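Working notes for the structure below.
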Amino acid sequence: MVKSSEGAAVLENIVLGIPRIAKAMEDLPIEELWPALEAVEGSYRATLRQSGFSISVSTTLAATIIRRLKGQLAGDEFAATEVMQRLCEDLAVFANGAAA
């Protein structure tokens, strides 16, 4: 599903950055948190798109990453490898649904 090693590296860097982004956002007031999450999702979507992912895959990946980020903000602890595995599982489900 990943089009290139560049795309895989970009996705991995995004995932590895989730704890840092969560740390930066954890003290935001709720009225600032939602717009910040929307901005981060848009940035992820654009970065993934520029890395060679299709629009639909970029949108799906960005939404999945934001779900993981929200989980991190809520106190869920996932290792980066677990997050990457779950993203790949989500992509496989998405690819199978798109092919049907």
Among the residues of segment 1-28 satisfying the criterion of being loosely packed, with under 11 Cβ neighbours inside 10 Å and modelled with pLDDT under 90, which is farthest from Phe53 (Cα to Cα)? Asp27
How many residues are closer than 11 Å to Gln72 by Cβ, part of a helix (DSSP H, G or I) and in contact (Cβ under 8 Å) with a residue 24 or more places away in the chain when one looks only at segment 17-49? 5
Can you tell me which condition Gly52 does not meet? The list is (1) in contact (Cβ under 8 Å) with a residue 12 or more places away in the chain; (2) closer than 20 Å to Leu73 by Cα; (3) surrounded by fewer than 16 Cβ atoms within 10 Å (Cβ to Cβ), and all the others hold. (2)
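The values are calculated or read from the model by the stated rules, or taken from the named source; none is laboratory data. Only a predicted model underlies this, so the values are computations on that prediction, with no experimental measurement involved. FYI the Cβ positions are ideal-geometry reconstructions off the backbone, even for glycines, and counts take in every protein chain you see.
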